[in-house]
Amino acid sequence: MHLSLSRILILFISSTFPLHSNAETIQPYSCRGGVFPRYLDKMKLGTVHLPANSNSYFFNDSEGCPYQESCREKAYLISADKILIAKNQDGWSCVWYHAKRRAYVGWMLSSNIREIAEIHTPDINAWFGTWNHYAADGHITISPLQGNKLKIDGLAFWYGRPGIVHDGGIDGYGLVSGNTLQASEVESEYACKIKMKLLGQYLIAYDNSSCGGMNVRFNNVYTKTAP
């Protein structure tokens, strides 16, 4: 695919000045933003489980949270709400909830949550379609090819100051194994590569930081666009 100037520059910078692993800068209490999809491998479906007329509140991931009452947010869920669970630690779970117009991400008491058994090998047709993130331009489109080999097309954008837009994309192929998909443009050190996991109605994606201009990432939770 055609490489934009911003993409060429980021590839040059990456090759000249090796980037350190993101894991070095992720704090144990981090949960929101681009941190959430990095736990793709261990991510699970879940549901809120509470007594009637009870609420389970989100707690933010600032330093010192979620262990203090001051960390509690206004947003809450009720029993039977469906969630994604990224990780559990010290009696808390990092969860993601998709509402009609936005997503809520944060810590929640693990005692208020029950995991749902996942389908480890979903029907191949469940992958097909265009997947979008509720608050971001761009998309991931997955189409059939042959067997477990799929066609992957995607666009992603990052918006800086007014008039500054970095873009990126993928035009490649992917292989499905169970409920995960490994996608790549070409077999090279600097190719855009995206790992995806299908959990129910959600597609979680995490890339290798080589899919476009600076700060452009596919890292997100996506839902399929209705036909």
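The values are calculated or read from the model by the stated rules, or taken from the named source; none is laboratory data. As the structure is a computational prediction, the values presented were derived from the model and not from experiment. All Cβ positions, glycine included, derive from the backbone under ideal geometry; neighbour counts span all protein chains shown.
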Practice task
Could you name every one of the strands (runs of 3 or more DSSP E) located completely within region 128-186 that has at least 3 residues being in contact with a strand residue (DSSP E or B) (Cβ under 9 Å, 6 or more places away or on another chain), within 23 Å of G213 (Cα to Cα) and among the small types (G, A, S)?
Solution key: 165-177
Exercise for the section: Return the only residue of W107, W96 being surrounded by 12 or more Cβ atoms within 10 Å (Cβ to Cβ), touching a Leu at 6+ places or on another chain (Cβ under 6 Å), within 23 Å of R217 (Cβ to Cβ) and not assigned by TED's automatic domain parsing to the domain that holds F218. Expected result: W96
Practice task
Determine whether G46 is more than 26 Å from A135 (Cα to Cα), of a type outside the set (S, T, Y) and either surrounded by fewer than 19 Cβ atoms within 10 Å (Cβ to Cβ) or out of contact with any helix residue (DSSP H, G or I) (no Cβ under 9 Å at 6 or more places or on another chain) (or both).
Solution key: no
Practice task
Could you list, in sequence order, all residues of region 101-127 that are of a type outside the set (F, W, Y) and assigned to a strand (DSSP E or B)?
Solution key: A103, V105, G106, M108, L109, I113, R114, E115, I116
Practice task
Could you check, for region 176-184, whether at least one of its residues is among the β-branched types (V, I, T) and touching a residue at least 12 places away in the same chain (Cβ under 8 Å)?
Solution key: yes
Exercise for the section: Would you be able to tell me the number of residues in region 42-71 that are touching a Cys at 6+ places or on another chain (Cβ under 9 Å) and more than 30 Å from K195 (Cα to Cα)? Expected result: 2
Exercise for the section: Answer yes if at least one residue in region 75-86 is more than 20 Å from R32 (Cβ to Cβ) and surrounded by 14 or more Cβ atoms within 10 Å (Cβ to Cβ), and no otherwise. Expected result: yes
Problem - Selected residue (criterion: surrounded by the fewest Cβ atoms within 10 Å (Cβ to Cβ)) from residues of region 158-177 that are within 18 Å of the chain's Cα centre (by Cα) and under 27 Å from N125 (Cβ atoms) - result: V176
Handout entry: Unmet criterion (only one of (1) modelled with pLDDT of 95 or more; (2) surrounded by 17 or more Cβ atoms within 10 Å (Cβ to Cβ); (3) closer than 28 Å to Y97 by Cβ) for F128
Key = (2)
Handout entry: Number of positions in region 1-43 that are charged (D, E, K, R), modelled with pLDDT of 50 or more and under 24 Å from I152 (Cβ atoms)
Key = 3
